[in-house]
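Structure record follows, encoded as C-alpha cells.
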Amino acid sequence: MHRRMFLLSSAALIPTMALSYPAEVFSPAVWDALKQTDQTVILNYRASWSLTCQIKAELIEEALAENPAYGQLTFVDVDWDTFGQSQMTQRLRVERRSTLVVMKNGTEVARLVNEPYARRVRALLDTALAA
C-alpha cells in the first residue's frame, strides 16, 4: 500500500511537456515557408515522453531568459512520434529524438544529439546566432 501511495504522489512531480519556450509546431507547410526565409531555424526533434527532451527544453528556456539575443532564432518543435520516420527526417539523417538541428536557408549549420547539458545547448545557440 505504501508503494502505491509513493508512486501516485511522485507521478504528480513529473514535469509536463508544455512548451517552455516560444516554438512553432512542425508541419510540412511551416517548414516549407521557413526554409524560404533568411531566418536561422532550430529544429527540435522531441517526444512528449522523453526526459532528455524535457531537460533540453528547460535548458533552452533558461538560455533565452539569460540571453535575449537568442530570441532572434526561430524554434520549431518536431514531434518524434509523428515525424521520426518522415522523408525529411531521413534526408536530414536524424536518427533519434532529442536532436537539435540548426538550419539556415534550408542547409544544416550545426547539430546536437542527446546532450542535455547547458554548456552544449548554449554553444549550439551561439553557433546559430553566428550563422
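Read-outs: derived from the displayed coordinates by stated rules, not from any lab. All of these numbers come straight from a predicted model, not from anything done at the bench. With ideal geometry, Cβ positions are generated from the backbone for all residues, glycine too; neighbour counts draw on all protein chains shown.
Where does each of 32-39, 50-57 land if you order them by average Cβ count within 10 Å, highest first?
Per-residue Cβ counts within 10 Å, averaged per peptide and sorted highest first, yield 50-57, 32-39.
Do any chymotrypsin sites (Phe, Trp or Tyr not before Pro) in the range 16-84 lie in a loop, going by DSSP, with at most 11 other beta-carbon atoms within 10 Å of their beta carbon, and if so which?
Loop-located and lightly packed - W49.
I need the Debye-formula profile for the range 25-89: one equal scatterer per C-alpha, no solvent, reported as log10 I(q)/I(0) at q = 0.15, 0.25, 0.28, 0.29 1/Å, two decimals.
For the range 25-89 at q = 0.15, 0.25, 0.28, 0.29 Å⁻¹, log10 I(q)/I(0) is -0.53, -1.15, -1.23, -1.25.
Once you have the Cα-Cα distance between E24 and Q36, take 0.36 nm times their residue separation minus that, and quote the gain in nm to one decimal.
Between E24 and Q36, full extension yields 2.7 nm more.
Explain nothing, just compute: Karplus ³J(HN,Hα) = 6.51 cos²θ - 1.76 cosθ + 1.60, θ = phi - 60°, for every residue of the range 37-53 in order, whole Hz, x for Gly and Pro.
Taking θ as phi minus 60°, the curve returns 9, 9, 6, 8, 10, 10, 7, 10, 6, 9, 10, 5, 9, 8, 5, 4, 5 Hz for the range 37-53.
Could you work out the mean projected area of the convex hull around the alpha carbons of the range 16-130, in square nanometres to one decimal?
6.3 nm²
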